[in-house]
Amino acid sequence: MSLEVVGLSKNYEKNTQVLNNISFQVKEGDCLGIVGESGSGKSTLARVLLGLESYKDGSIMLNGQPIPPQKRSLLRQYRKNVQMIFQDANSSLNPKLPIWKSLLEPLDNFKEVKPSFLAHSNLTRKQIAENLLEMVGLGKEMVDRFPGELSGGQKQRVGIARAISIEPTLLICDEPTASLDVTVQIQILELLSELQRKTNMTILFISHDIRAVTYLCRKMIVLKEGSIVDQFMLEELYDQDRHSYTKALIKAASID
Ligand SMILES: Nc1ncnc2c1ncn2[C@@H]1O[C@H](COP(=O)(O)OP(=O)(O)OP(=O)(O)O)[C@@H](O)[C@H]1O
Ligand SMILES: [Mg+2]
């Protein structure tokens, strides 16, 4: 699914511009990295694109269809196509529910969705959850566990399995690896990369860490105080004419 954002602006209160004239395009099946320091507006952009927040000016087109500026939480069609993975895996899992119940929530919400992995099968609900766990490299035995019995990396995999269960065409990842240690971060990035190859999902990958973004995305934009200050392809990362702020992010990530 292609995404085109033109001149997008948003403010929470008067005179504080949180997003300022944002424009970018992502082609179907591509991955766009969005980098910027804390407070630059990354999560706000994600929430606007997900329909959890309204926006003021500009336009968002998904597959050529305009997405209205109001909150779109009630637009089922939209939420079916656009899923999100959050920084804190805990926030998307109910601690009182066994993993299999949390995993099936999106499929229960969108009963009309028949994902390809269920096409020719007559699986029980638990078996569906087991299949989802396998897709993200977790053992079937985890279905009956509770979130408190999983590691941070395992919980994030469950979050990913849940998000991809309804085969979204656009997946927004807001700092999905920020709370994980480095080796687990790399495993999650590898998983996302593999899933993208298999499913042709369009991915927006948000991070303050430019290194994580370079792992997954060929194209990236740099946000600073709500504005895009730099926009380039991976192979142009070390070009002399990169914005000084991008250079500072590269230095901060120790990949210079
Ligand atoms: N609900 C809200 N009401 C008012 N201001 C908000 C709200 N949410 C965010 N902001 C402000 O908008 C700006 C951008 O916040 P946002 O959460 O989008 O940044 P971010 O780039 O995701 O930061 P981080 O890396 O820390 O997650 C900040 O100045 C923040 O204080
Ligand atoms: Mg954020």
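The values are calculated or read from the model by the stated rules, or taken from the named source; none is laboratory data. Just so it is clear, the model here is predicted, and its values are computed rather than measured. Cβ placement follows ideal geometry from the backbone for every residue including glycine, while neighbour counts extend to all protein chains displayed.
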The condition from (1) away from ligand 2 (no atom under 16 Å from the Cβ); (2) assigned to a strand (DSSP E or B); (3) within 16 Å of the chain's Cα centre (by Cα) that G33 misses is numbered (1)
All-but-one check, Q196 against (1) out of contact with any strand residue (DSSP E or B) (no Cβ under 7 Å at 6 or more places or on another chain); (2) modelled with pLDDT under 95; (3) more than 16 Å from ligand 2 (Cβ to nearest atom), failing number (1)
Practice prompt. Within segment 116-128, identify whether any single residue is surrounded by 15 or more Cβ atoms within 10 Å (Cβ to Cβ), in contact (Cβ under 8 Å) with a residue 24 or more places away in the chain, touching a helix residue (DSSP H, G or I) at 6+ places or on another chain (Cβ under 8 Å) and over 30 Å from I210 (Cβ atoms), and answer yes or no.
Written response: yes
Log entry, pairs with first residue in segment 218-236 being within 13 Å of C31 (Cα to Cα), second being in a strand (DSSP E or B) and charged (D, E, K, R), beta carbons closer than 6 Å, six or more apart or on different chains, reads M233/K219
Residue hits (segment 160-213; charged (D, E, K, R) and over 20 Å from S254 (Cα atoms)) are R162, E167, D174, E190, E194, R197, K198
Within segment 24-81, of all residues that are among the hydroxyl-bearing types (S, T, Y) and closer than 27 Å to P115 by Cα, the one surrounded by the fewest Cβ atoms within 10 Å (Cβ to Cβ) is S73
Taking segment 221-246 and the residues there that are closer than 30 Å to Y12 by Cβ and part of a helix (DSSP H, G or I), the one that is nearest to the chain's Cα centre (by Cα) would be T246
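Is it the case that some residue within segment 39-56 is within 15 Å of ligand 2 (Cβ to nearest atom) and either of a type in the set (K, R) or in a strand (DSSP E or B) (or both)?
For segment 39-56, residues within 15 Å of ligand 2 (Cβ to nearest atom) and either of a type in the set (K, R) or in a strand (DSSP E or B) (or both): present.
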Being within 16 Å of ligand 2 (Cβ to nearest atom) and at pLDDT below 95 narrows Q83, Q87 down to just Q87
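Could you please give the count of residues in segment 188-220 that are of a type in the set (V, I, T) and either part of a helix (DSSP H, G or I) or over 15 Å from the mean Cα position of the chain (by Cα) (or both)?
Just the residues of segment 188-220 that are of a type in the set (V, I, T), to begin with: 188, 199, 202-203, 206, 210, 213-214.
Right, trim to either part of a helix (DSSP H, G or I) or over 15 Å from the mean Cα position of the chain (by Cα) (or both) and you get 188, 199, 210, 213-214.
Residues meeting the conditions: 5.
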Among the residues of segment 201-256, the number that are touching a Leu at 6+ places or on another chain (Cβ under 9 Å), aromatic (F, W, Y) and at pLDDT 95 or above is 1
Over segment 32-52, the set of residues on the phi < 0 side of the Ramachandran plot, more than 8 Å from ligand 1 (Cβ to nearest atom) and either at pLDDT below 95 or not hydrophobic (A, V, I, L, M, F, W, C) (or both) is G33, V48, L49, L50, L52
Among (1) within 13 Å of ligand 1 (Cβ to nearest atom); (2) surrounded by fewer than 20 Cβ atoms within 10 Å (Cβ to Cβ), S2 falls short only on (1)
Just one listed residue, out of L74, L107, is outside any strand (DSSP E or B) and at pLDDT below 85, and it is L74
